[in-house]
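Have a look at the structure below before the remarks.
The values are calculated or read from the model by the stated rules, or taken from the named source; none is laboratory data. This structure is a prediction, so every number in the text was calculated from the model and none was measured. Every residue, glycine among them, receives a Cβ derived from its backbone with ideal geometry; neighbour counts consider all protein chains shown. Only protein heavy atoms, including side chains, enter the accessible area calculation; ligands, DNA and RNA are left aside. Shrake-Rupley method; radii C 1.70, N 1.55, O 1.52, S 1.80 Å.
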Amino acid sequence: MVTRILVMSDTHIPYRARRVPETMLDLISKLEYEVVVHAGDLCGEEVLEWIKSLGGELYVVSGNMDFLPLPESATFTADDVKIGVIHGHQVYPRGDIVKLTRIAKEKDVEMLISGHTHAPLLRLHEGVLHVNPGSLTGVWGGGGGSLKPSLAYITVNGRKIHVKIYEDRGGKVVVLEEREVTL
């Protein structure tokens with residue numbers, strides 16, 4: 001059975017952004033998924049309500065800017081792959097792949113979804129697939145970021161994982177990166 005996962009992070013609504021850009025809302029409406037993941041820094045209760053309205057299984061974790069009653073981390077299994085979700089503020093410097101891999105191994109997960117850097121990342125390190133969708137709204141982060149709205153779309157079929165990272169470039173959504181990995 002194939003599991004399709006919509007992954008987003010770092011919306012920062014209403015403090016740094018007013019809303020999710022129309023280009024990203026349009027993309028989300030066209031994607032088919034059974035699972036929705038938000039890797040933290042939603043900020044507003046209205047973002048949580050919007051995410052819940054998308055349907056499917058939901059995994060949302062707390063970011064360093066969240067004051068919502070959310071868990072620090074989540075784990076779930078998609079087909080034969082165990083996936084962990086954290087915001088990423090647990091490591092310094094931001095996005096340190098060695099420290100993120102250590103967390104993944106402590107949680108006994110094969111894929112770790114995180115945010116916090118506001119920059120998309122897709123990387124296999126020491127047997128752990130790291131996916132960072134960047135910022136859904138493209139807002140600035142404490143460490144900079146890409147400043148372009150982005151999200152990730154993951155398909156898991158058995159042990160085969162296919163990841164696409166989409167990015168808004170001047171009002172046009174493009175595939176920034178695409179990779180298939182078998183764990």
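Mind telling me which of the residues Leu122, Leu112 ends up being assigned to a strand (DSSP E or B), under 15 Å from Glu167 (Cβ atoms) and open to solvent by less than 70 Å² (accessible area, probe 1.4 Å)? Break it down stepwise before answering.
Working: Leu112 fails: under 15 Å from Glu167 (Cβ atoms).
Answer to the selection: Leu122.
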Residue list for the range 78-91, filter: within 24 Å of Lys160 (Cα to Cα) and open to solvent by 10 Å² or more (accessible area, probe 1.4 Å): Asp79, Asp80, Lys82
Pairs where the first residue, in the range 17-41, is closer than 24 Å to Ile83 by Cβ and among the hydroxyl-bearing types (Ser, Thr, Tyr) and the second is open to solvent by 50 Å² or more (accessible area, probe 1.4 Å) and part of a loop (DSSP other than H, G, I, E, B), C-beta under 9 Å, 6+ apart: Tyr33/Gly56
Subset tally (residues that are part of a loop (DSSP other than H, G, I, E, B) and open to solvent by 40 Å² or more (accessible area, probe 1.4 Å)) for the range 57-77: 6
Filtered residue count, the range 131-183, keeping only those that are farther than 19 Å from Pro21 by Cβ, of a type outside the set (Lys, Arg) and touching a residue at least 60 places away in the same chain (Cβ under 8 Å): 8
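Would you check which residues across the range 1-38 are basic (Lys, Arg) and assigned to a strand (DSSP E or B) and list them? Break it down stepwise before answering.
Step one: filter the range 1-38 for residues basic (Lys, Arg), giving 4, 16, 18-19, 30.
Residue satisfying the conditions is Arg4 alone.
Rundown of residues vs (1) more than 19 Å from Pro14 (Cβ to Cβ); (2) within 14 Å of the chain's Cα centre (by Cα); (3) of a type in the set (D, E, K, R), yes/no style:
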| residue | (1), (2), (3) |
| --- | --- |
| Ile51 | no, yes, no |
| Glu57 | yes, no, yes |
| Asn64 | no, no, no |
| Gly84 | yes, yes, no |
| Glu106 | yes, no, yes |
| His118 | no, yes, no |
| His130 | yes, yes, no |
| Pro133 | yes, yes, no |
Top-ranked residue of the range 92-109 - restricted to ones that are open to solvent by less than 10 Å² (accessible area, probe 1.4 Å) and either assigned to a strand (DSSP E or B) or out of contact with any Ser or Thr (no Cβ under 8 Å at 6 or more places or on another chain) (or both), ranked as nearest to His38 (Cα to Cα): Ala104
Given (1) among the hydroxyl-bearing types (Ser, Thr, Tyr); (2) surrounded by fewer than 20 Cβ atoms within 10 Å (Cβ to Cβ); (3) not in a loop (DSSP other than H, G, I, E, B), index of the condition Tyr166 fails: (2)
